[in-house]
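Notes to accompany the following structure.
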Amino acid sequence: SLSARDLVPVLSWLMSRARCRHCQVAVSGRYPAIELLCSFLFAAVVLVASPFEPIRVALLCGLVVALLALSVIDLEFRRLPNGLVLFVFALCSVLTWLDQRAIVDVATGMVAVLVFGIFLRVLGQFVEKKPGLGWGDIKLATAISVALPLSTAPVFLTVGGVVALILAAWFGWRHRQRHIPLGPALCAG
């Protein structure tokens, strides 16, 4: 069983020399890399959260953890679990409520992103004879859009699209794959 000294992010991995303390099996470097990235993102949330409110910062940090988990899961397993997507939707809904945004603005943004996602799915089916986007990608984009003002939807989709192109180049070149995980691109957007 793991003790407190085994659960300190990054330091436990370093102190154990990248091995399990109990069985000496090697522990991948991706775990401390993810922990470092999460720490960096937490720091970024604290620095840019405006206005600084503990509840808002806690919600944004929860969102960071959920989006990072979705990115890693999609990269490894090519799926976006509905439970995590629903958690993102819930966090984004609470953030929207804290911002006191008009329901019309929220609904318009959600519908715009949903329609655009379905359009890309159908376009892919027409051009490539397979869906352009998975339903998980469409649900995730729609869930994230809840927290974004309508005016930022184009920025969200553009940044996500640029990251998707980078992922497509990487996976196409490195792994010779045609199925590209879009979740990390949406989370980055």
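The values are calculated or read from the model by the stated rules, or taken from the named source; none is laboratory data. Predicted model only: the values in this text are computed from it and were never measured. Cβ coordinates were reconstructed from backbone atoms using ideal geometry, including for glycine residues, and neighbour counts include every protein chain displayed. Accessible surface is based on the protein model in full, side chains and every heavy atom, while ligands, DNA and RNA are left aside. Shrake-Rupley method; radii C 1.70, N 1.55, O 1.52, S 1.80 Å.
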**OP:** Work out the length of the dipole vector of the stretch 119-178 about its Cα centre, built from +1 on the beta-carbon of each Lys and Arg and -1 on the beta-carbon of each Asp and Glu, and round it to the nearest 20 debye.
**Re:** 280
Original post:
Which angle between 0 and 90 degrees, to the nearest 10, do you get for helix 30-48 versus the longest principal axis of the chain when only C-alpha atoms count?
Top reply: 60
Original post:
Solvent-accessible area per residue for the stretch 1-119 at a 1.4 Å probe radius, Å²?
Top reply: 64
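Can you give the FRET efficiency for S3 and A188, using 1/(1 + (r/R0)^6), R0 = 45 Å, r = Cβ-Cβ distance, to the nearest 0.05?
0.80
At R0 = 22 Å, how high is the FRET efficiency between F77 and R30 if r is their beta carbon distance? Nearest 0.05 is fine.
In this case the efficiency is close to 0.95.
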Subject >> [x] 20; [y] 29; [z] 34, with the label sought being that of the calculated percent of Cα pairs over 28 Å apart >> reply: [z]
**OP:** Please label the shape of the stretch 8-80 as rounded, prolate or oblate, based on the square roots a ≥ b ≥ c of the eigenvalues of the alpha-carbon gyration tensor (a/c under 1.5 means rounded; beyond that, a/b larger than b/c means prolate, else oblate).
**Re:** oblate
Subject >> Sorted peptide list for 143-151, 53-61, 179-187, criterion being average Cβ within 10 angstrom, highest first >> reply: 179-187, 143-151, 53-61
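Can you figure out the FRET efficiency of K129 with A102, using R₀ = 45 Å and their beta-carbon distance, to the nearest 0.05?
Efficiency at R0 = 45 Å is approximately 0.65.
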Original post:
How long, wide and thick is the stretch 76-149, going by the Cα atoms along their three principal axes, in whole angstroms, largest first?
Top reply: 43, 27, 12
**OP:** Give, in nm to one decimal, the length gained when the segment between R17 and I55 is fully stretched (0.36 nm per residue of separation minus the Cα-Cα distance).
**Re:** 10.0 nm
Original post:
If you line up the long axis of helix 135-145 against the longest principal axis of the chain, both from Cα atoms, how many degrees apart are they, to the nearest 10?
Top reply: 90
**OP:** Any chance you could check the Cα centroid distance between the stretch 16-91 and the stretch 108-153 for me, in angstrom?
**Re:** 24
**OP:** Kindly express, to the nearest 10 degrees and within the range 0 to 90, the angle between helix 103-128's C-alpha long axis and the longest C-alpha principal axis of the chain.
**Re:** 90
Subject >> Ellipticity estimate at 222 nm from DSSP helix runs (n ≥ 4, -39,500 (n - 2.57)) divided over the chain, nearest 500 >> reply: -22000 deg cm²/dmol
